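The values are calculated or read from the model by the stated rules, or taken from the named source; none is laboratory data. All values reported here derive from a predicted model rather than from experimental measurement. Here the Cβ is made from the backbone with ideal geometry for all residues, glycine too, and neighbour counts use every protein chain on show.
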């Protein structure tokens, strides 16, 4: 079994560490220092690095880590990330600490964004900045239609899939989600639960695909409940899921 723990970085990033039999793989090491300390404290040998996209807070620690550890770096087909040793695209597979992961292309936040999905007894997803607990990434490079399609591909994963995203944005995301769907009782319960976690300085992630389908407005753009909520507020624009997503994303950008 893999052990997975978050390594806090910067103000609100999580670098995910996968551990098995004395070895570790890290996901999106924006900083090297926290990774090095965690490896030392837990007596682990770094065996590899997974990258989801090119933003500095996800790749900034690569040079320092690779100066110390001669390990493979898996990541997207983006030459701007020079340290990648194996470039991956849709339907590629990578074996991490004895566990097979499928690569999903999920552009929107950036054009090069990929995610890593393990379909085991406990499905796992490392999705970087595409899907957040209660939200999704800003559209720095892709279009609303592109991001909507990426999220729909994640929505099709098993509902029990654990979702390991890269930021602790949950309370802010849920505050916006409550504005979008004020009558969503599952959302109200989730917000209370997550607030209690943060008061104890505990992470609100991982989340699950099922929980996101019930409470995340960006995953609910095709549902009648979300469309009704937007209509009641005079905000429903367009008929397609992608058009509804564009409306909700633009609202969140100025919330």
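Here are the numbers for this structure:
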| read-out | value |
| --- | --- |
| Residue within segment 174-190 that is part of a helix (DSSP H, G or I), within 16 Å of the chain's Cα centre (by Cα) and either touching a residue at least 12 places away in the same chain (Cβ under 8 Å) or surrounded by fewer than 14 Cβ atoms within 10 Å (Cβ to Cβ) (or both) present | yes |
| So residue 238, is it at pLDDT below 95 and surrounded by fewer than 16 Cβ atoms within 10 Å (Cβ to Cβ) | yes |
| Condition met for residue 117 (under 23 Å from residue 170 (Cβ atoms) and either in contact with a strand residue (DSSP E or B) (Cβ under 6 Å, 6 or more places away or on another chain) or free of Cβ contacts under 8 Å to residues at least 40 places away in the same chain (or both)) | yes |
| Test for residue 195: is it in contact (Cβ under 8 Å) with a residue 24 or more places away in the chain and assigned to a loop (DSSP other than H, G, I, E, B) | no |
| Every residue from segment 119-155 that is closer than 23 Å to residue 47 by Cα and crowded, with 19+ Cβ neighbours inside 10 Å | 124, 125, 126, 127, 128 |
| Boolean, residue 140 is at pLDDT 95 or above, over 20 Å from residue 91 (Cα atoms) and touching a strand residue (DSSP E or B) at 6+ places or on another chain (Cβ under 8 Å) | no |
| Residues satisfying the stated conditions in segment 83-103, i.e. outside any loop (DSSP other than H, G, I, E, B) and closer than 23 Å to residue 1 by Cβ | 93, 94, 95, 96, 99, 100, 101, 102, 103 |
| Yes/no for residue 101 being at pLDDT 95 or above, within 19 Å of residue 207 (Cα to Cα), buried (at least 22 other Cβ atoms within 10 Å of the Cβ) and more than 12 Å from the chain's Cα centre (by Cα) | yes |
| Of all residues making up segment 1-32, the number that are outside any strand (DSSP E or B), over 14 Å from the mean Cα position of the chain (by Cα) and loosely packed, with under 15 Cβ neighbours inside 10 Å | 5 |
| Selection within segment 33-82 - assigned to a strand (DSSP E or B) and surrounded by 18 or more Cβ atoms within 10 Å (Cβ to Cβ) | 46, 47, 48, 49, 50, 73, 74, 75, 76 |
